[in-house]
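*Asks:* I'd like to ask some things about the structure below.
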Amino acid sequence: MKIKNIFLSLSLGAIAMAGLSSCDSMFRDFPNDKLPGDVIWSDPLLLDEYVLPWYRNMDRGFYTYVTTIMKGLGAEYEPWYGDQLTVGKRDWYNGDYGNILKSMQQDLTTRGKTEWLRFYTQINSINTLLENQDKLAPSVKDRVLGEAHFFRAYYYYLMLRSFGGTMIITRTYDPLVDDVKFPRATYEEMVKFITEEAEEASKLLPISNDAANIGRPTKGVCYMLRAKTYFWAAGDHYQNQEKGYLGFPDNRSMALLDLAAAEYDRVIDTHQYDLVQINATDRDGVVAEYRNIFLTKNSKESIWEVQHADDGNFDKSNGHKLDRDAAAPSFGGTTAAYNPTQNHVDEYRMANGKMIGEQGSGYDKNNPYEGRDFRFYANILYDGAQWKGHTMDIHYTVVDGKEVAGEDLTPYGTSTTAAVSRTGYYMAKFLRESQAINNDDTYASSQNCIIWRYAELLLDYAEIDFKKGRTGDALDKVNQIRRRVHMPELISVTWDDIVNERRVELAFEKCTYWDLLRWNIAEQKMTGTTNTLFGVEIVYQKDGTKKITNPVVNGRNTVVRYFRDRQYYLPLDWADVKYHGLEQNPEWVEM
């Protein structure tokens, strides 16, 4: 479907849903799916229904983690294409997920088209509302307009990351009577538009929300979007580009970092956000409090997050199945969707602050999980870890000359497709230890999915400080995060220290994939020949000793992970390339 056809079909698409919240008298006057705009714009309840798709489509949160893997269509969260996580189900490597890992052009083209249409559908909905702003209910006008400008900025920010410069469309149009064609914008034009829209939104939105409006954007969220836009555009890959829609003609990195820093200062100056401090000092206490940061909805550390429903229903609300999909076989799990890699496990330094293998670190290769950064125990379930009152059994034992798999390496039930961890680890971060796991298809988890939090702001800012030569300021920001988890403070800071702290503190979050693109190292980190993914295999011998090896887990039997230079930008939808006369991103051909 072309964008032009989406615009034609917008008889206010969310309106069928909107009618459900309206009073009975409306249904006597208008069919549910044909409510006229004047009715919607003047009714606060219908307006809420109208803007709901803006929230639902901006980021699907935990709702589609597994769907993302199976269909390869998600753009916001992609840890499986990085090197911190992989998946347990072997048959997924034969589907869209595996094809994207292999850099198959057809699947990436489909993914690009899906995201392109999703973003522009919401942008058109926003434009429709803005064209009718004079008709909005006065009681909610400023707030709704603020949301509109924020989401228009946010969707173009998502497009900038995925496609580079795209068509900046600020009005609705009917291609049957309006022959206008929209050109591709440059990177500079995109950044200007996004940040100006976010600024306009900030003027209309409050500094904080009351309980009835939790989850809506605020001034701080708008400033954060401006900061993230400048921070993204400062990435190494987007400097000195020949084509204006792929980046800047010269190196703007330092100037953009200054702009990002100024916006992070504005976020800080709202005094609405801070690190959630941890009171415990022992390992188990720190682990429990750290995990709880990701289970507490809309905490003071959270700047922007996806609001998942509390009613425990998957089909009828915005719940999700993260806990079930992550569960090990001992808890009835059959998907094993989130397997931390040995590559990531090795990123956790020792509790004394030293790197694995560094002199005086105390690392014991025969007891590799002893004395590690407390966040390791919070984020990773390893052999011998405690979870739900169960000791994780992720090793093999030699019995009568054969290696017998432990309980958490033995598929649950009788299904031939039930999966177990392929890396020897399960994920603990984001998961609720008390969450019941069952086979009820309507069951859902409810924890929110954080998009931006204050710890990420500090790490972004530390990166800026370091690149601008303010190493003392960078050190202070990194140590704020380390102090929170009772890890020893660094005496000095290097680029590798900042990267490591970011990879550990933000493990599995929505920025780790995009960091690889910003730093211009995606080809190296997401290609198996240059960054092979490893797991762990632990075998207890008959004499009680154990053998620990690190098998390759890139794919089935061969290396299947590739990232090519063209993947820094997804292909634009070919229908719109032809209709609007756009220049396609490099190296993509029509399939």
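*Asks:* Say we look at the stretch 556-573 and pick out the residues that are surrounded by fewer than 19 Cβ atoms within 10 Å (Cβ to Cβ), touching a residue at least 12 places away in the same chain (Cβ under 8 Å) and not β-branched (Val, Ile, Thr); which of these is nearest to Asn99 (Cα to Cα)?
*Replies:* In the first step, residues of the stretch 556-573 are kept if they are surrounded by fewer than 19 Cβ atoms within 10 Å (Cβ to Cβ); the result is 556-560, 562, 564-566.
Right, trim to touching a residue at least 12 places away in the same chain (Cβ under 8 Å) and you get 556, 559-560, 562, 564-566.
Keeping just the survivors that are not β-branched (Val, Ile, Thr) gives 556, 562, 564-566.
Details: Arg556: 13, Tyr562: 10, Arg564: 13, Asp565: 16, Arg566: 15 Å.
Once the filter is applied, the top-ranked residue is Tyr562.
*Asks:* Which of the following residues is open to solvent by 10 Å² or more (accessible area, probe 1.4 Å), assigned to a helix (DSSP H, G or I) and touching a helix residue (DSSP H, G or I) at 6+ places or on another chain (Cβ under 9 Å): Gly472, Gly413?
*Replies:* Numbers: Gly413 fails: assigned to a helix (DSSP H, G or I).
So the residue among Gly472, Gly413 that is open to solvent by 10 Å² or more (accessible area, probe 1.4 Å), assigned to a helix (DSSP H, G or I) and touching a helix residue (DSSP H, G or I) at 6+ places or on another chain (Cβ under 9 Å) is Gly472.
*Asks:* For Asn520, which of the numbered conditions (1) under 19 Å from Leu257 (Cα atoms); (2) touching a strand residue (DSSP E or B) at 6+ places or on another chain (Cβ under 9 Å) fails to hold?
*Replies:* Here Asn520 meets the rest and fails (2).
*Asks:* Which numbered condition in (1) touching a strand residue (DSSP E or B) at 6+ places or on another chain (Cβ under 9 Å); (2) at positive phi; (3) open to solvent by 60 Å² or more (accessible area, probe 1.4 Å) is the only one that Glu403 fails?
*Replies:* (2)
*Asks:* How about the stretch 514-529: which of its residues are open to solvent by less than 20 Å² (accessible area, probe 1.4 Å) and either out of contact with any Lys or Arg (no Cβ under 8 Å at 6 or more places or on another chain) or farther than 18 Å from Asp346 by Cβ (or both)?
*Replies:* First pass over the stretch 514-529, keeping only residues open to solvent by less than 20 Å² (accessible area, probe 1.4 Å): 514-518, 522, 526-528.
Trp514, Leu517, Arg518, Ala522, Thr527 - these are the residues of the stretch 514-529 that are open to solvent by less than 20 Å² (accessible area, probe 1.4 Å) and either out of contact with any Lys or Arg (no Cβ under 8 Å at 6 or more places or on another chain) or farther than 18 Å from Asp346 by Cβ (or both).
*Asks:* Among all residue pairs at least 6 apart or on different chains, which show Cβ distances below 7 Å where the first residue, located in the stretch 102-117, is more than 20 Å from Asn57 (Cα to Cα) and in contact (Cβ under 8 Å) with a residue 24 or more places away in the chain and the second is open to solvent by 30 Å² or more (accessible area, probe 1.4 Å) and of a type outside the set (A, V, I, L, M)?
*Replies:* Lys102/Tyr562; Ser103/Tyr562; Ser103/Arg564; Asp107/Asp96; Asp107/Asn99
*Asks:* Okay, moving on. Only one residue in Glu305, Glu358 is touching a Cys at 6+ places or on another chain (Cβ under 7 Å) and either closer than 25 Å to Leu275 by Cα or part of a loop (DSSP other than H, G, I, E, B) (or both), so which one is that? I'd like the intermediate steps shown before the answer.
*Replies:* Values: Glu358 fails: touching a Cys at 6+ places or on another chain (Cβ under 7 Å).
Of Glu305, Glu358, the one residue that is touching a Cys at 6+ places or on another chain (Cβ under 7 Å) and either closer than 25 Å to Leu275 by Cα or part of a loop (DSSP other than H, G, I, E, B) (or both) is Glu305.
*Asks:* Are any of the residues in the stretch 122-135 in contact with a Lys or Arg (Cβ under 8 Å, 6 or more places away or on another chain), farther than 22 Å from Thr218 by Cα and touching a residue at least 40 places away in the same chain (Cβ under 8 Å)?
*Replies:* Looking for residues that are in contact with a Lys or Arg (Cβ under 8 Å, 6 or more places away or on another chain), farther than 22 Å from Thr218 by Cα and touching a residue at least 40 places away in the same chain (Cβ under 8 Å), one finds at least one in the stretch 122-135, hence yes.
*Asks:* Count, please, the residues in the stretch 266-300 that happen to be assigned to a helix (DSSP H, G or I), more than 24 Å from Pro488 (Cβ to Cβ) and open to solvent by 60 Å² or more (accessible area, probe 1.4 Å).
*Replies:* Step one: of the stretch 266-300, the residues assigned to a helix (DSSP H, G or I) are 266-269, 283-293.
Checking the rest, the ones that are also more than 24 Å from Pro488 (Cβ to Cβ) come to 266-269.
In the following step, the residues that additionally are open to solvent by 60 Å² or more (accessible area, probe 1.4 Å) were identified as 266, 269.
Within the stretch 266-300, residues that are assigned to a helix (DSSP H, G or I), more than 24 Å from Pro488 (Cβ to Cβ) and open to solvent by 60 Å² or more (accessible area, probe 1.4 Å) number 2.
*Asks:* When the residues of the stretch 317-363 are filtered to those that are open to solvent by 30 Å² or more (accessible area, probe 1.4 Å) and within 30 Å of Tyr55 (Cα to Cα), which remaining residue is nearest to the chain's Cα centre (by Cα)?
*Replies:* Lys321
*Asks:* Taking the stretch 170-185 as the search range and keeping residues that are of a type outside the set (A, V, I, L, M, F, W, C) and open to solvent by less than 50 Å² (accessible area, probe 1.4 Å), which one is nearest to the chain's Cα centre (by Cα)?
*Replies:* Initial filter on the stretch 170-185 (of a type outside the set (A, V, I, L, M, F, W, C)): 170-175, 178-179, 181, 183-184.
When the remaining residues are screened for being open to solvent by less than 50 Å² (accessible area, probe 1.4 Å), the result is 172-173, 175, 178, 184.
Details: Thr172: 30, Tyr173: 32, Pro175: 35, Asp178: 37, Arg184: 26 Å.
Checked the stretch 170-185; the qualifying residue nearest to the chain's Cα centre (by Cα) is Arg184.
*Asks:* Looking only at the stretch 228-245, how many residues end up being part of a helix (DSSP H, G or I) and open to solvent by 10 Å² or more (accessible area, probe 1.4 Å)?
*Replies:* Initially, the stretch 228-245 is screened for residues part of a helix (DSSP H, G or I), giving 228-233, 236-238, 244-245.
Narrowing further to those that are open to solvent by 10 Å² or more (accessible area, probe 1.4 Å): 228, 230, 236-237, 244-245.
Residues that pass the stated criteria total 6.
*Asks:* Here's another thing I want to ask about it. In the stretch 183-213, which residues are under 17 Å from Ser162 (Cα atoms) and either of a type in the set (S, T, N, Q) or outside any helix (DSSP H, G or I) (or both)?
*Replies:* Passing the criteria: Arg184, Ala185, Thr186.
*Asks:* Considering the stretch 364-400 alone, what residues qualify as being in contact with a strand residue (DSSP E or B) (Cβ under 6 Å, 6 or more places away or on another chain), in a loop (DSSP other than H, G, I, E, B), under 16 Å from Lys546 (Cβ atoms) and open to solvent by 10 Å² or more (accessible area, probe 1.4 Å)?
*Replies:* Of everything in the stretch 364-400, those that are in contact with a strand residue (DSSP E or B) (Cβ under 6 Å, 6 or more places away or on another chain), in a loop (DSSP other than H, G, I, E, B), under 16 Å from Lys546 (Cβ atoms) and open to solvent by 10 Å² or more (accessible area, probe 1.4 Å) turn out to be Asp383, His395.
*Asks:* Among the aromatic types (Phe, Trp, Tyr) and either open to solvent by 40 Å² or more (accessible area, probe 1.4 Å) or in contact (Cβ under 8 Å) with a residue 60 or more places away in the chain (or both): is that true of Phe193 in this structure?
*Replies:* no
*Asks:* For the stretch 214-225, which residues satisfy the criterion of being of a type outside the set (Ser, Thr, Tyr), part of a helix (DSSP H, G or I) and open to solvent by less than 40 Å² (accessible area, probe 1.4 Å)?
*Replies:* From the stretch 214-225, those of a type outside the set (Ser, Thr, Tyr) are 214-217, 219-222, 224-225; that's our starting set.
Those still in the list that are part of a helix (DSSP H, G or I) too: 219-222, 224-225.
Passing the criteria: Gly220, Val221, Cys222, Met224, Leu225.
The values are calculated or read from the model by the stated rules, or taken from the named source; none is laboratory data. Fair warning: this is a prediction, and the values are worked out from it, not measured in the lab. Positions of Cβ are backbone-derived with ideal geometry, glycine not excepted, and every protein chain shown enters the neighbour counts. SASA here: full protein model, heavy atoms, side chains in, ligands and nucleic acids out. Shrake-Rupley method; radii C 1.70, N 1.55, O 1.52, S 1.80 Å.
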